[in-house]
Amino acid sequence: MLAKTPPMGWNSWNTFAENISEELLMETADAMVETGLRDAGYEYVVIDDCWSLRERGKDGRIVADPAKFPHGMKYLADYIHGKGLKFGMYSCAGTRTCAGYPSSFDHEFEDAKMFAQFGVDFLKYDFCNKPRRADGPNLYHRMGLALKSSGREILFSACNWGSDKVEEWIRSTGAQMYRSTGDITDNFRSMSDIAKSQMNKLAFSAQGCYNDIDMLVVGMHNRGNVATGGMTDDEYLFHFALWCAMQSPLMIGCDIRDMSDATLRTLTHPELIRINQDAEARPLFPLGGGKIGDDFIGFKHLEGNEFLLCFFNFGERERTQEADFFDIGLPVASGKGLALRDIITGGDIGVKSDYMRVPVPGHGFRMYRGKLVDL
Ligand code: GLA
């Protein structure tokens, strides 16, 4: 089964947009291995939009741009596979991709077959330029079946930005992940608006098909295609922790050939990745009656009878947040508490019951992993 846990990898779009090439992809695959990202769980190396010529060839096939990919896609796939990684590509459900390149509308089955021949393991499938008479969900059903009939196991990464109430039907198309929002850009506001918009929809995200709140901007520092101001390293850690708690796929968007130590530490944080990849794949439950403001407290069941309690402060000033254990199903009458460990500092904080008050810095968070114990 694909996507037992949220897929992890790298995608070219956030930093490089149309400036992609065989060389970039090969160097990125090398960097995945050399930096330890592969060993931390990152697996897919994905080319986004702008990889082909502007028109299909005479035989009707999409043609890889020979200036960008002189040895063709099979060569690149073999190289990436040789590094113990998987290869991802991109197409779109409409008549042209978002950047205006040939796209798979009415070519779904032949394109899927071609991707399989290339050795593709992952297809991101966008939603620009859909003919008005075509039904959005139906186009994802088409590509879902086309991939299944392609002769190769290919992870289907749907990207319709949350249109047509995507969470209600996308799992039935065979997709393993689905973009639920518009595009992220590299600043705190964009990142947090995207996350907040999905916090009440996480129950749809589970084993086999995950809510994808977009590629990470961790470590971009205002460089590249989606630069809009950048964030501090602490804010990038907040962003990563949030994506992990919300169980989003983790697709790196920065240039991993040129990362700071802080960026690498964030992207490979073992305890955060362990939460993201938790085998139970239960949704994060927002406390506070579903209202998502600057204070956000979430609770989540983890494998091995463990639990996650997390506090996120989207505001700029420090705020004291209070989790009432009644709201997580642990009233005083239960006689139970939670023995908690801070997953960032590693420190044991003892047993908490009834409630927990935590000062949380502006644009900061606290995350605790724990077990149920008798008081
Ligand atoms: C859309 C997607 C992005 C990216 C671009 C490429 O905007 O949401 O993630 O794939 O298209 O043109």
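The values are calculated or read from the model by the stated rules, or taken from the named source; none is laboratory data. A quick note: this is a predicted structure, and the numbers were derived from the prediction, not measured. Backbone-built Cβ (ideal geometry, glycine too); neighbour counts: all protein chains shown. SASA here: full protein model, heavy atoms, side chains in, ligands and nucleic acids out. Shrake-Rupley method; radii C 1.70, N 1.55, O 1.52, S 1.80 Å.
Surface composition of segment 285-374: carbon plus sulfur atoms contribute 47% of the solvent-accessible area (1.4 Å probe, protein chains only, all chains present). Element breakdown for segment 8-276 at a 1.4 angstrom probe: carbon and sulfur atoms account for 48% of the accessible area. Here segment 274-303 and segment 102-164 have alpha carbon centers that stand 31 Å from each other.
Where a ≥ b ≥ c are the square roots of the eigenvalues of the C-alpha gyration tensor, would you call segment 207-247 rounded, which needs a/c under 1.5, or, failing that, prolate if a/b is larger than b/c, or oblate? Walk me through the numbers on the way to the answer.
Details: a/c = 3.93, a/b = 1.72, b/c = 2.29.
In terms of gyration-tensor shape, oblate.
Would you work out if segment 8-276 is rounded, prolate or oblate? Take a ≥ b ≥ c from the square roots of the eigenvalues of the alpha-carbon gyration tensor; rounded if a/c is under 1.5, else prolate when a/b is larger than b/c, oblate otherwise. Show your work: numbers first, answer last.
On the way: a/c = 1.62, a/b = 1.21, b/c = 1.34.
Oblate is the answer for segment 8-276, as a/c is 1.5 or above yet b/c matches or exceeds a/b.
Heavy atoms of the protein chains alone define the surface here; on that basis the chain has 40 Å² accessible area per residue at 1.4 Å probe size. Take each peptide in 208-220, 115-127, 51-63, 227-239, count the other Cβ atoms within 10 Å of every residue, and average; sorted highest first, the result is 208-220, 115-127, 227-239, 51-63. Using a Gaussian network model of the chain with C-alpha springs under 10 Å, which one of F240, F105, F326 is most mobile by mean-square fluctuation? Of F240, F105, F326, the Gaussian network model singles out F326 as fluctuating most.
Which of the residue pairs K124/K291; K4/K371; K4/K83; K86/K148; K86/K165 have a Cα-Cα distance greater than 26 Å in the structure shown?
Values: K124/K291 32 Å; K4/K371 24 Å; K4/K83 22 Å; K86/K148 18 Å; K86/K165 30 Å.
Violating the 26 Å limit, Cα to Cα: K124/K291; K86/K165.
How would D106, D348 line up by accessible area, probe 1.4 Å, largest first? Before the final figure, lay out each step's value.
On the way: D106 95, D348 130 Å².
Largest accessible area first, the residues go D348, D106.
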